[in-house]
Amino acid sequence: MPKVGVIGGSALEAIENLEVSHREMANTLYGPTSSPLLFGKMNGGEIVFIHRHGFGHTIAPHEINYRANIWALKQLDVTHIVAAAAVGGITEHMSPMTLVIPDQIIDYTHTRSQTFYENSQEPVVHVDFTWPYDDQLRTVLNRSAVNLNMPVVSRGTYGAVQGPRLETAAEIRRLEADGCDIVGMTGMPEAVLARELDIKYVCCAMVVNWAAGKGSQQELLPDSISSNMKAAKASVHRLLAEALPMIMEL
């Protein structure tokens with residue numbers, strides 16, 4: 001039976017209805033994890049939850065210890081990861097409060113540790129990253145969204161940017177020209193690190209605002225983003241509860 005890791009972020013700070021058995025802080029070969037690991041059950045499935053920004057949301061996207069987080073989950077025998085993310089919508093169908101299950105990613109980040117295979121005596125490893133997200137997990141999340149009548153876009157390209165500032169309108173035009181549908185700050189190197197450790201990984205992205213220069217607003221409105229974020233968290237909770245039994249059958 002799969003052991004599921006859930007990585008929370010701005011779109012998921014905690015898991016409702018999680019029967020927590022215990023929590024512990026992990027100190028790995030790569031340093032401490034972003035937050036204590038929460039162990040528990042939901043709908044009969046075993047879950048390990050970690051908040052990539054730390055509880056209290058104190059760690060900026062470029063400061064997250066992605067390697068420690070993924071390494072800790074691997075050491076706990078996690079086989080499948082569902083990673084929640086709040087994103088901005090770029091292309092026409094990526095309006096606020098739309099759930100997106102991306103199938104591709106373009107990495108614009110820099111200075112982040114991108115691999116476990118460096119500064120050691122081990123040979124360099126070139127992992128196949130043609131399809132960065134696990135197709136079975138994507139199918140489960142898409143099916144779960146349909147079951148819940150949630151507006152969902154079944155595929156798309158995630159543009160991963162450095163942050164923590166939001167983008168300029170010109171930068172968003174560039175991302176759109178490159179083929180990006182949504183923009184976020186935490187998609188990489190999280191996805192590739194999971195691939196290096198052979199953990200099946202999927203992104204559950206909730207659009208909480210139009211990206212800069214998109215939509216009817218000329219500027220991003222903090223109050224609107226905050227309101228959408230609250231609604232997004234509720235939607236992601238529902239989706240996880242629906243998807244978990246199906247994930248356990250993989």
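The values are calculated or read from the model by the stated rules, or taken from the named source; none is laboratory data. Model, not experiment: these values are computed from the prediction. With ideal geometry, Cβ positions are generated from the backbone for all residues, glycine too; neighbour counts draw on all protein chains shown. Ligands, DNA and RNA are stripped out before the accessible areas are found, and what is left, the full protein with its side chains, is counted by its heavy atoms. Shrake-Rupley method; radii C 1.70, N 1.55, O 1.52, S 1.80 Å.
Some points to look at:
- For region 24-74, with all protein chains in place and a probe radius of 1.4 Å, 52% of the accessible heavy-atom surface sits on carbon or sulfur.
- One way to sum up the overall shape of region 1-95 is the equivalent ellipsoid from its Cα gyration tensor, whose semi-axes run 22, 18, 13 Å, largest first.
- Global geometry of region 121-191, whether rounded, prolate or oblate, following the gyration tensor of its Cα atoms and the 1.5 cut on a/c: oblate
- Along the axis of the charge dipole computed for the chain (Cβ charges of +1 for Lys and Arg, -1 for Asp and Glu, origin at the Cα centre), the listed residues Asn142, Gly156, Pro189 are led at the positive end by Asn142.
- In the assembled protein chains, Ile47 presents an accessible area of approximately 0 Å² (probe radius 1.4 Å).
- Net lengthening on full extension, Glu92/Leu166 (0.36 nm per residue, minus Cα-Cα): 24.7 nm
- Projection of the Cα convex hull of the chain, averaged over all directions and equal to a quarter of that hull's surface, yields 12.8 nm².
- Annotation: amide H of Gly45 has no partner in the under-5 Å range at sequence separation 5 or more or interchain, hydrogens built in the peptide plane.
- The chain, accessible area per residue, ligands and nucleic acids excluded (1.4 Å, Å²): 46 Å²
- Extension gain, His57 to Asn27, is 8.9 nm, computed as 0.36 nm per intervening residue step minus the present C-alpha separation.
- Here the gap between Arg174 and Glu118, fully extended at 0.36 nm per residue and compared with their Cα-Cα distance, gives a gain of 17.0 nm.
- Label point distance in nm, Lys3-Asp198, each placed 7 Å from Cα along Cα→Cβ: 1.5 nm
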